[in-house]
1. Filter the range 177-202 for residues that are without any contact (Cβ under 8 Å) to a residue 60 or more places away in the chain and open to solvent by 50 Å² or more (accessible area, probe 1.4 Å); which is nearest to ILE142 (Cα to Cα)?
2. Answer yes or no as to whether GLU417 is more than 16 Å from the ligand (Cβ to nearest atom), acidic (Asp, Glu), touching a residue at least 24 places away in the same chain (Cβ under 8 Å) and part of a strand (DSSP E or B).
3. Among residues belonging to the range 187-201 that are farther than 11 Å from ASP176 by Cβ and in a helix (DSSP H, G or I), point out the one that is farthest from the ligand (Cβ to nearest atom).
4. For the structure I just gave you, tell me whether GLU132 is surrounded by fewer than 19 Cβ atoms within 10 Å (Cβ to Cβ), in a helix (DSSP H, G or I), within 19 Å of the chain's Cα centre (by Cα) and away from the ligand (no atom under 16 Å from the Cβ).
5. Suppose we filter PHE70, PHE15 for residues that are within 30 Å of SER225 (Cβ to Cβ), outside the structural domain of ALA281 (by TED's automatic domain parsing), open to solvent by less than 20 Å² (accessible area, probe 1.4 Å) and touching a His at 6+ places or on another chain (Cβ under 8 Å); which single one remains?
6. Taking GLU36, is it within 24 Å of PRO386 (Cα to Cα) and in the same structural domain as ASP381 (by TED's automatic domain parsing)?
7. Restricting the search to the range 338-354, which residues are more than 10 Å from the ligand (Cβ to nearest atom) and charged (D, E, K, R)?
8. Could you check the range 331-378 and list, in sequence order, the residues that are over 20 Å from THR321 (Cβ atoms), in contact with a strand residue (DSSP E or B) (Cβ under 7 Å, 6 or more places away or on another chain) and assigned to a loop (DSSP other than H, G, I, E, B)?
Amino acid sequence: MTSRSPNLIARAPGFVYHKTKRGIFRRGEQFVLHCEDVALPKVAERYGTPLYVYSATMIRDRYDTFDAAFRDLPHTLCYSVKANSNLAILRMLAKKGCGFDVVSGGELERVLVADRKAARNVVFSGVGKTREELTAALKAGIMLFNVESESELWALAECAVRLRKIAPIALRVNPDVAAETHPYISTGLRKHKFGVPIREARALYAQASGARNLKVCGVSVHIGSQITDVAPFGEAMARVADLVRELRRDGHRIDYIDGGGGLGIDYDTQNGENLSLDVTAYAKAVTAPLRGLNIRLLLEPGRAIIGPAGILLTSVVYRKTNDGKRFLVVDAAMNDLIRPALYGAFHEIIPVVQNPESPARLEVTDIVGPVCETGDFFARDRELPPVEEGELLAILDAGAYGMVLASNYNTRPRAAEVLVSGKSVKVIRRREKVSDLLRNEL
Ligand code: LLP
């Protein structure tokens with residue numbers, strides 16, 4: 001155990017500690033984590049835990065920062081819906097003129113419910129689009145189909161003929177570029193299931209341009225997610241730029257390059273990452289190879305927009321010690337946030353209330369959920385100030401790939417979500433009840 005002064009880790013401007021009076025009957029002050037202007041203990045009291053809390057200001061700011069970094073090039077940001085698909089968040093982004101990257105008929109439907117007019121800024125990716133999904137997207141009139149195989153190309157042509165529509169297409173090419181990230185979310189290597197090998201793309205483009213209901217108009221690439229070194233993005237783009245030049249020589253009209261998503265965030269820095277710095281380097285890497293190409297750049301950021309703008313708020317149910325090993329058992333579990341269990345992902349975890357006068361010891365503890373699997377943990381051997389039963393913890397950077405990956409494992413109803421803007425707190429998803437889970441069972 002080491003002595004300490006409060007470690008006020010923040011994700012500004014959305015999640016910061018404010019010094020507040022302890023209450024009417026108790027003297028002294030404490031540091032209380034706020035989301036924007038709202039104290040998180042109040043939010044927890046009102047809406048219960050586990051609870052996803054998002055900062056609207058942060059989402060908007062991050063979108064603007066990302067957008068500004070690409071100001072030198074005609075571009076459209078197509079927010080990757082899979083990162084966080086809550087309707088209120090989609091609606092907020094649509095209002096800012098954001099486009100969307102969808103990977104299923106369900107995601108497309110969400111976008112259309114959020115904003116009917118958003119269809120014209122939708123790109124549709126994914127290796128397994130069904131004919132029903134392709135048909136729905138054709139009817140909606142989306143901007144671009146990112147086609148990932150020859151079979152899909154013909155399926156799309158067939159659907160388009162049936163509907164008497166023209167399908168705007170890009171081939172998603174696999175550039176065979178290695179990007180350092182977790183193997184489950186790296187996508188740009190030959191051995192991965194995604195896209196078509198870049199060497200075979202030209203032949204396929206030639207075939208596509210022969211189909212009357214397909215309109216070749218772009219090239220698309222996505223090399224993976226949570227990538228923090230920007231060099232591989234540049235490498236992939238350089239290969240795509242070469243291909244675009246070849247395709248144009250072949251007589252194709254290429255208006256779009258879709259650079260995919262993938263810019264990572266710093267989960268384990270004490271102050272959060274500096275998006276503006278990271279996205280500037282990213283923009284430089286991505287756009288340098290495109291100079292003189294005269295194209296519209298599409299990008300599909302997910303995590304970089306929403307990741308740090310959300311936390312998972314959870315209460316400590318029990319403290320326990322097994323043979324000297326300490327555990328905090330909390331009321332959130334792997335079914336609420338699976339990233340640590342699935343990828344061994346690191347999330348910063350902080351006490352919502354910290355006491356400035358008695359800088360206490362730090363305890364080394366595991367933070368675990370109630371699910372019956374050893375894999376159900378949020379942190380292992382983490383140093384934390386002592387947190388009592390009933391107190392709150394915030395699991396940071398849970399805005400992306402948090403709620404969207406939640407399940408009902410162990411018949412646990414899924415958490416509620418709230419969106420904070422200044423002093424206002426809006427429920428954007430009601431807490432599920434067990435009866436909701438049983439409804440579809442016969
Ligand atoms: N575009 C395509 C085609 C994608 O497959 C993805 C993510 C994105 C865009 C958005 O990538 P982002 O900007 O968010 O990195 N569940 C994992 C991440 C899976 C990413 C899947 N594809 C995690 O929690 O880390």
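1. Applying the filter and picking the extreme gives ARG202.
2. Details: more than 16 Å from the ligand (Cβ to nearest atom): yes; acidic (Asp, Glu): yes; touching a residue at least 24 places away in the same chain (Cβ under 8 Å): yes; part of a strand (DSSP E or B): yes.
Yes: the conditions hold for GLU417.
3. Across the range 187-201, the extreme among qualifying residues is GLU200.
4. Working: surrounded by fewer than 19 Cβ atoms within 10 Å (Cβ to Cβ): yes; in a helix (DSSP H, G or I): yes; within 19 Å of the chain's Cα centre (by Cα): no; away from the ligand (no atom under 16 Å from the Cβ): yes.
Here the answer is no, as GLU132 does not meet what is asked.
5. Working: PHE70 fails: touching a His at 6+ places or on another chain (Cβ under 8 Å).
On inspection, the qualifying residue turns out to be PHE15.
6. no
7. Residue satisfying the conditions is GLU348 alone.
8. ALA332, ASP336, LEU337, HIS347, VAL352, ASN355, PRO356, PRO359
The values are calculated or read from the model by the stated rules, or taken from the named source; none is laboratory data. Fair warning: this is a prediction, and the values are worked out from it, not measured in the lab. Ideal geometry is used to build each Cβ from the backbone, glycine not excepted, and the neighbour counts take in all protein chains shown. For the accessible areas, the whole protein counts, side chains as well, though only heavy atoms, and no ligand, DNA or RNA atoms are used. Shrake-Rupley method; radii C 1.70, N 1.55, O 1.52, S 1.80 Å.
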